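Heads up, the thing below is written out as C-alpha cells.
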Amino acid sequence: MAEAQGAIAWSVLKGTVEEWPQVLLIIAFPLAGFLINGLWGRRLPKSIVGFVACGAIAGAFIVSLYLLIMNTALPPFQRSMQVAVYPWLEAGPIKLPFALLLDPLSIAMALTVSGVSFLIHVYSVDYMAHDEEFSRYFALLNLFVFFMLLLVLAGNLVTMFIGWEGVGLCSFQLISFWFTRERAAEAGRKAFIVTRFGDFGFLVATLGLLAIFGTLDFGDIARAIQMNEIVKPWWGDKVHALDALNKPTAIGLTLGTLICLGLFMGAVGKSAQFPLYVWLPDAMEGPTPVSALIHAATMVTAGVYMVARLHFLFEQAPVALTVVAVIGAFTAAYAATMGCVENDIKRVLAYSTISQLGYMFLACGLGAYIAGFYHLVTHAFFKALLFLCAGSVMHAMHDVLDIRRMGGLAKKMPTTALTFWVGGLALAGLIPSGLFSKDAILHAAEQNKALWGLGLFTAVLTAFYTARLGIKVFHGKPRDEHLYEHAHESPDKMTIPMILLAIGTLAVSVLWLPSFIAEHWTILPQYLSPVLGEIHEPSPQEALKSTAWAVGASSLGLVVALLAYALRPGTLWAFARAFPFLYRLVAGKYFVDEIYAALITRPGRRLSEFVSAHFDLGVIDATVNGIGWLTAQIGSTVRRMQTGFIRNYALYFIGASVLLLFYMLVRGVMMMR
C-alpha cells in the first residue's frame, strides 16, 4: 500500500445537464426536503416530516449509486465529466460557471456522504421524536447534506466555496440547535468564528489562483499545470504556469506554496486540525446525531477532500505538502493524548475524530491520497456508528455524559454494546476496515521515520482510549445504581441504523485488501487511479511487516487498557500521582482554550467594548445623531415660515425681489467701474 505517483486528473470531458440530468437530482433531493420541512414542517405530522427528510437523502443515495454503476461501465479515461449547469458569473475573459464534476472521487464521496447521512436521519426520527423543533431540525439536516453534496460535486472552486460556507453555516445552526442553552449557543458561535479564520485563507488562495490562471475550474488548472501552458497572471507578462507558481515572494516562499498554504489553512479550520481544532470538542453541545453527521463523513472531512481534489496543485509545492504531513501527524498524536483522559463520552469521540483526521492529512501530505481517502471512507462508517452508540447510551442514561457514572450497560443494552465494539475495534485498528486503512497510511509514512513514529504512537493511544471508553461504559459494575436500573435498549429505529453501520464497517474492508491476502484485489485504488494517480503495491512480505507493526501497536494499547481498567483498576491513578504535572497538563487540554482566552478572546472583547463605548457611541452614533439633530433644526426653522397666510408669502416674494434687484444694481455699478 504505497503512495500515489503522478496525477492524471486533467483529462476532463465536458457535458451539460441535458446529458447528465441525474447529477442535479443528487443535490435537488435534499434541497427539496429542506424546502418542504422548512416551509410547511410545523403544519405536518412528525411522521411525514421524518419521511420527507429521510426520503430526500435516500433519493440522493440511490442516484449516487446509479451514477457509480454508470461511471464504472465507462473506460477509465472517460470517467471524468464536468457538467455545466449555469453560466453564472462572467466578466470579460473570466468565466465562473456553476458547474458540477462527475468523476470517481466525487461519486465515491457523494455515495459515502449520502449513505451514512441517510442512516443518521433514520436514527434521528426516534432520537428527536419529543423535541418541539422537530421540523426545524430535519430541515437543517437536509440543508446541511445539500451543501455537503454540492461541495463534493463542485466542478470549480467557486461552486466548492458555496458548499464550503454552506456547511459552515448549517453546522453553526445545528451545533447551537438548542440555543436557549448558553453553552450550546456559545459552542455554535465558537465553531462559526474559528472556522472563519481558516476560510479567510481559503478565499485569499482562491483569488490568487484566479489571478494566475484566469479560471477556477479544476480540470483547466490541472491541465495548465501538467502541460505547463502559457498563462497571463495579474502582473501582466505571459509566462508558463509552473513559472508563475514558482515565482518567489517577499517572504521567501513561492507563490504556489503560499496558495497551497492558504488552501490548507481553510482545511485546518474546517477539519479541526491544530491549532484551529478548539471548536470541535465544544460542538458536542448539539444533538448527538448532529455530532455523528458533522464528525463522520461530512463537514470535517471537507478539508481532506479538498486537498485530495487539488493534489495536482499541492504536488507543485513540496513545502506545503510537508506542512500538511507534519500538522496531520502532530494533530493525530496530540488529540489522541486528550482522548485518553477525557470523561465525557462524546468528547472522547470528538478528540478521536480530530486524531483520525490528522491521519488522513498525514497520508495526503505524503502523497498517499488514495490511502487517506480510504481512511476517510472507513472512518465515516465506524465513527458515525460510535456516535450513534453514544447517543443510544445517553438515551438510556437520561442524557448523562460522564462515563464515570456508567458501567455494566452491556447487560441492559446488548445491541448497543456489540455494535460499539465493532466500531471501536475498527477505530483501534483491530478489525479489517480500520486496520487496512490505517496500515496503508503507516506504510506510506515509512519513508519518514519521525512521522511514522508519531503515527504508530497514535495507534497505541487510539486503541487505549477506545478500550477505556468501552470498558468503563459497558463492562464492570454499575457506578450509579439509580441510572443503571432505568437503563434500557434503544428502539428499533435507533438500533437498526447502528446494526447497518456495523455491517458497513465490516463490508468496506474489501475495498482495499493487503497484498498478502489478495495481491490484486484493490477495488478502491483501481477506481480512483484516473483521478488520484496509480499506486505501487508493496510485496506481500512488506505488506505483512507493515500490518504486523500496526496490529502490534493497537494490541499494546488494548492490553494496557485492559490491565488498567479491567484486570487491575487504579493502576493509572498511581501513574498520575507519580507525574501530577503531566496528568494536569493533558487533563486540562494543554490549557489551549485558556491561552486563546488570554491572548485573543478577552483582549478582543475589551477592545470591542472600548470601540463600542468610545468610537461607536462617541463618533459614529454622534455623527448620525448630529445629522439628525441638524436636519430637525432646519426643518423646525423652515416650518415657522410656512404660516399659511397669503400676506406673509407676498411679503417673502416682495422682499426677495427687492434683494434681487439690489444685487443686480450693485453688480451693474461695479461692472461699469
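I'm trying to understand the selection: among the residues of region 530-549, which are closer than 30 Å to Leu153 by Cα and open to solvent by 10 Å² or more (accessible area, probe 1.4 Å)?
Pro530, Glu534, Ile535, His536, Glu537
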Failed condition for Gly219, given (1) in contact with a helix residue (DSSP H, G or I) (Cβ under 9 Å, 6 or more places away or on another chain); (2) in contact (Cβ under 8 Å) with a residue 24 or more places away in the chain; (3) farther than 29 Å from Val290 by Cα:
(1)
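Rundown of residues vs (1) in contact with a Leu (Cβ under 7 Å, 6 or more places away or on another chain); (2) among the hydrophobic types (A, V, I, L, M, F, W, C); (3) assigned to a helix (DSSP H, G or I), yes/no style:
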residue: Lys95; (1), (2), (3): no, no, no
residue: Glu132; (1), (2), (3): no, no, no
residue: Val145; (1), (2), (3): no, yes, yes
residue: Cys170; (1), (2), (3): yes, yes, yes
residue: Gln173; (1), (2), (3): yes, no, yes
residue: Phe177; (1), (2), (3): no, yes, no
residue: Gly188; (1), (2), (3): no, no, yes
Picking from Phe581, Phe591, Phe615, which residue would you name as being over 30 Å from Leu461 (Cα atoms) and of a type outside the set (A, V, I, L, M)?
Phe615
In this structure, does Ala450 turn out to be surrounded by fewer than 17 Cβ atoms within 10 Å (Cβ to Cβ) and farther than 24 Å from Val510 by Cα?
yes
Quick check: anything in region 468-479 of a type outside the set (D, E, K, R), in a helix (DSSP H, G or I) and either surrounded by fewer than 22 Cβ atoms within 10 Å (Cβ to Cβ) or in contact with a Pro (Cβ under 7 Å, 6 or more places away or on another chain) (or both)?
yes
Looking at (1) over 30 Å from Cys340 (Cβ atoms); (2) in contact with a helix residue (DSSP H, G or I) (Cβ under 6 Å, 6 or more places away or on another chain), which is the one condition that is false for Lys589?
(1)
Single residue of region 54-73 satisfying the filter (open to solvent by 50 Å² or more (accessible area, probe 1.4 Å) and over 18 Å from Phe144 (Cβ atoms)) that is farthest from the chain's Cα centre (by Cα):
Ala73
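Would you point out which residue out of Phe146, Phe118, Phe138, Phe51 is open to solvent by 40 Å² or more (accessible area, probe 1.4 Å) and either under 24 Å from Val300 (Cβ atoms) or of a type in the set (S, T, N, Q) (or both)? Reasoning before the result, please.
Values: Phe146 fails: open to solvent by 40 Å² or more (accessible area, probe 1.4 Å); Phe138 fails: open to solvent by 40 Å² or more (accessible area, probe 1.4 Å); Phe51 fails: either under 24 Å from Val300 (Cβ atoms) or of a type in the set (S, T, N, Q) (or both).
That would be Phe118, the only listed residue that is open to solvent by 40 Å² or more (accessible area, probe 1.4 Å) and either under 24 Å from Val300 (Cβ atoms) or of a type in the set (S, T, N, Q) (or both).
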Looking at Leu100, is it open to solvent by 10 Å² or more (accessible area, probe 1.4 Å), at pLDDT 90 or above and under 26 Å from Thr301 (Cβ atoms)?
no
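Here's the yes/no breakdown for (1) closer than 21 Å to Val167 by Cβ; (2) assigned to a helix (DSSP H, G or I); (3) open to solvent by less than 10 Å² (accessible area, probe 1.4 Å):
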{"residue": "Ile221", "(1), (2), (3)": "no, yes, yes"}
{"residue": "Ala224", "(1), (2), (3)": "no, yes, yes"}
{"residue": "Gly269", "(1), (2), (3)": "yes, yes, yes"}
{"residue": "Leu276", "(1), (2), (3)": "yes, no, no"}
Suppose the filter is of a type outside the set (Lys, Arg), under 27 Å from Val377 (Cβ atoms), out of contact with any helix residue (DSSP H, G or I) (no Cβ under 7 Å at 6 or more places or on another chain) and assigned to a helix (DSSP H, G or I); does Ile503 pass it?
yes
Could you tell me which numbered condition Ile62 fails, if it satisfies all but one of (1) farther than 17 Å from Ala32 by Cα; (2) aliphatic (A, V, I, L, M); (3) without any contact (Cβ under 8 Å) to a residue 24 or more places away in the chain?
(1)
Inside region 176-192, the number of residues satisfying the requirement of being aliphatic (A, V, I, L, M) and either surrounded by fewer than 15 Cβ atoms within 10 Å (Cβ to Cβ) or without any contact (Cβ under 8 Å) to a residue 40 or more places away in the chain (or both) is 1
Could you list, in sequence order, the residues of region 423-443 that are surrounded by fewer than 23 Cβ atoms within 10 Å (Cβ to Cβ) and in a helix (DSSP H, G or I)?
Pro432, Leu435
Taking region 550-579 on its own, how many of its residues are within 32 Å of the chain's Cα centre (by Cα) and either closer than 30 Å to Arg404 by Cβ or surrounded by fewer than 18 Cβ atoms within 10 Å (Cβ to Cβ) (or both)?
9
Collect the residues in region 336-348 that are assigned to a helix (DSSP H, G or I) and under 17 Å from Gly424 (Cβ atoms), keeping them in residue-number order.
Ala336, Gly339, Ile345, Lys346, Arg347, Val348
Filter region 431-483 down to the residues that are of a type in the set (A, V, I, L, M) and more than 27 Å from the chain's Cα centre (by Cα), then identify the one that is farthest from Tyr565 (Cα to Cα).
Ala450
Go over the candidates Leu150, Leu143 one by one and state the one that is hydrophobic (A, V, I, L, M, F, W, C), under 26 Å from Phe213 (Cβ atoms) and touching a residue at least 12 places away in the same chain (Cβ under 8 Å).
Leu150
Please give the number of the condition Tyr649 fails out of (1) out of contact with any helix residue (DSSP H, G or I) (no Cβ under 8 Å at 6 or more places or on another chain); (2) at pLDDT below 80; (3) surrounded by fewer than 10 Cβ atoms within 10 Å (Cβ to Cβ).
(3)
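The values are calculated or read from the model by the stated rules, or taken from the named source; none is laboratory data. From a predicted model like this one, the values you see are computed outputs, not experimental measurements. So basically every Cβ, Gly included, is an ideal-geometry build from the backbone, and we count neighbours across all protein chains shown. When the accessible area is computed, the model is the full protein with side chains, heavy atoms only, and any ligands, DNA or RNA have been set aside. Shrake-Rupley method; radii C 1.70, N 1.55, O 1.52, S 1.80 Å.
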